[in-house]
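Some notes on the structure that comes next.
The values are calculated or read from the model by the stated rules, or taken from the named source; none is laboratory data. These figures come from a predicted structure and were not determined experimentally. As a convention, Cβ positions derive from the backbone with ideal geometry for all residues, glycine included, and neighbour counts pool all protein chains shown. Protein only, heavy atoms only, side chains kept; ligands, DNA and RNA dropped before computing areas. Shrake-Rupley method; radii C 1.70, N 1.55, O 1.52, S 1.80 Å.
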Amino acid sequence: MTRHVDVVVIGGGQSGLAAGYHLRRLGLDFVVLDAQAAPGGAWQRAWDSLHLFSPAVYSSLPGRPMPVQTGERYPDAAHVVDYLTAYERRYELPVLRPVRVSGVHREDGHLRVETDSGTWHARAVISATGTWWRPFQPAVPGRCAFRGQQSHTVDYRGPRDFAGQRVVVVGGGNSGAQIAADLAYDTELTWVTRRPPRFLADDVDGRALFDAATARRRALDEGRTDTGGVASLGDIVAVPPVREARDAGLLKASPMFVRLDRDGVVWADGTRAEADAVIWCTGFRPALGHLAPLELRGPRGHIATAGTRSVAEPRLHLLGYGDWTGPASATLIGVGRPARDVARAIAGLEPAP
């Protein structure tokens, strides 16, 4: 079956829904194709103890504030899933799921989107698939020799799965710190980071990070000195569980090891730590495999963009992958503005950002 619309949005998580909200307001004919079986995007795959960095009022998509979660200053992942589900329903967004996109192709002045449920033709495509679906693990020597369990942030659910074990958590960002804090009480924990952990001030939350990212983008756009953005503040938001474990002396980081062997990890000086499990909290890469037929990817897998619009394929926009597609665009509060600008550009109301 072949269908025609103005816009195909690929991905039904927070970025896809924000795009849908603005496309609906402008009266465009569009569809949102989501590979997941249920609403909520990557939030439905989060670990049990994950909470937002910001209060609900600073974690909202355009049009509808996130309700406060009773008893929680920072909402948990399940609350976010409920919010996204209600958001999609409230605005009657045309989300089809589960629909997996196999490729986006150029064809006779439009883009052809091939899926496992048929073909769509559109004059514009918004790719909003995020990064969660493409976890990254570094090529550390000996990784294949290790006999214990290896997993990634995407696989982690909670400390009950590791109780009493010797666990190495690798990663000095927010995920690494939060998972290390989660495991600090019930496991023999070794937390490993490439550089000493940099905790943000205890009173800094997601709102401050959004402001910092926005100020950096404004400075760069105006030709002023780079403010450093979020990176200038630190790497780890001291959410309450992280702060408590840190203050209790349970979050002491070791430098990065140089290899794994059959039974654990080994540092350059020969020091070893035996381990039953290694959890790689080592980040993600953009999930852009569906765009491979367009042959747009450059160094490090990124697609060159002017704002959100692909430089080499102006009918394609990328939304929500990080600062290179809009300041703080990978966050709930940050994706609204670039989503609005994308919709307006497609509608012909203004140039792409």
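Along the charge dipole of segment 1-81, which of GLY40, GLY16, VAL81 sits closest to the positive end, that is, farthest toward it, with unit charges on the beta carbon of Lys, Arg, Asp and Glu (+1, +1, -1, -1)?
So the residue furthest toward the plus end is GLY16.
With Rg and Dmax of the Cα atoms in Å as the read-out, I listed (1) 24.8, 81; (2) 20.9, 72; (3) 21.2, 64; which label goes with the value calculated from this structure?
(3)
Please state the relative contact order of the chain as a whole percent: Cα pairs under 8 Å, 6+ residues apart? The partial results should precede the final answer.
Working: 747 pairs, mean separation 77.2, N = 353.
Worked out over the chain, it gives 22 percent.
Can you list residues whose amide H is under 5 Å from ARG106's amide H, if they're 5+ apart or on another chain and H is modeled 1.01 Å from N?
It is ARG112, by chain and number.
Out of the DSSP beta bridges found with both residues in segment 1-154, what percent are antiparallel (nearest 5)?
50
Between ARG143 and ARG297, take the C-beta separation as r, use R0 = 25 Å, and let me know the FRET efficiency to the nearest 0.05.
According to the calculation, E is roughly 0.45.
For a test of the definition: using alpha carbon positions, the gyration tensor, and the 1.5 limit on a/c, classify segment 22-100 as rounded, prolate or oblate.
oblate
In the chain, once you exclude exposed GluC sites (Glu not before Pro) (DSSP loop, at most 13 other Cβ within 10 angstrom), what's the longest stretch remaining?
Longest stretch, sites excluded: 93-221.
Determine the gain in length on full extension of the stretch ARG73-ASP6; use 0.36 nm per residue of separation and subtract their C-alpha separation, reporting nm with one decimal.
Stretched fully, the ARG73-ASP6 segment lengthens by 20.1 nm.
Roll a 1.4 angstrom probe over the protein heavy atoms and tell me the percent of accessible area of the chain that is carbon or sulfur.
Details: 7850 of 15910 Å².
On the chain, the fraction of accessible area on carbon and sulfur atoms equals 49 percent.
Counting DSSP beta bridges in the chain, what percent are antiparallel, to the nearest 5?
40
Could you order the peptides 141-150, 308-317, 339-348 from most to least packed, using the average number of other C-beta atoms within 10 Å per residue?
Descending packing order for the listed peptides: 339-348, 308-317, 141-150.
What whole-number value in Å² describes the accessible area per residue of the chain for a 1.4 Å probe?
45
Provide the per-residue ³J(HN,Hα) series for segment 283-288, in order, calculated from phi with Karplus coefficients 6.51, -1.76, 1.60 and θ = phi - 60°, each as a whole number of Hz, with x at glycine and proline positions.
Taking θ as phi minus 60°, the curve returns x, 9, 10, x, 8, 10 Hz for segment 283-288.
So for TRP133, TRP120, what's the accessible-area order with a 1.4 Å probe, most first? List each step's numbers first, then the result.
On the way: TRP133 100, TRP120 20 Å².
Per-residue accessible area, sorted high to low, gives TRP133, TRP120.
Just to make sure I understand: if all protein chains stay in place, what is the order of ASP263, ASP48 by accessible area at 1.4 Å, largest first?
ASP48, ASP263
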